[in-house]
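Only one structure is covered here, and it is reproduced in the block below.
The values are calculated or read from the model by the stated rules, or taken from the named source; none is laboratory data. None of these values were measured; they are calculated from a predicted model. To get the accessible areas, we keep the full protein, side chains included, count just its heavy atoms, and leave off ligands, DNA and RNA. Shrake-Rupley method; radii C 1.70, N 1.55, O 1.52, S 1.80 Å.
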Amino acid sequence: MAQGTLLIQTDRCKGCGLCIRACPQQVLVAGQHFNALGYQPVQLDEAHRRCTGCGVCAWVCPDLVFTVYRESAGRAG
């Protein structure tokens, strides 16, 4: 299975929650702090490393705060 991670520009996130609801792996959560705009930005819950880098969060985000990185699992040959 592919492994992924996200870079989230929390200073631009308005905390709308669209990405949280859309994430098929359920790895996004509302952050515990507020950004400079006064919003609670989303954060990646990396406790179980379930992010696959599918990019759904980036597709639904109206503020383009996500950069998605995906690393494919290599095949033994």
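Given a cut-off of 19 Å, what percent of all Cα-Cα pairs of the chain lie beyond it?
That fraction is 32 percent.
Over the chain, what relative contact order in percent results from Cα pairs under 8 Å that are six or more residues apart? Walk me through the numbers before you get to the answer.
On the way: 145 pairs, mean separation 34.4, N = 77.
That works out to 45 percent.
Is it possible to state the helix-based mean residue ellipticity at 222 nm for the chain, with each DSSP H run of 4+ residues giving -39500 (n - 2.57), the sum divided by total residues, to the nearest 500 deg cm²/dmol? What is it? Kindly include the intermediate steps, with their values, before the conclusion.
On the way: 2 runs with 10 residues, N = 77.
It lands at -2500 deg cm²/dmol.
In the chain, what percent of the accessible surface is made up of carbon and sulfur (1.4 Å probe, ligands and nucleic acids excluded)? It would help to have the intermediate numbers written out before the result.
On the way: 2700 of 5210 Å².
Its accessible area is 52 percent carbon and sulfur atoms.
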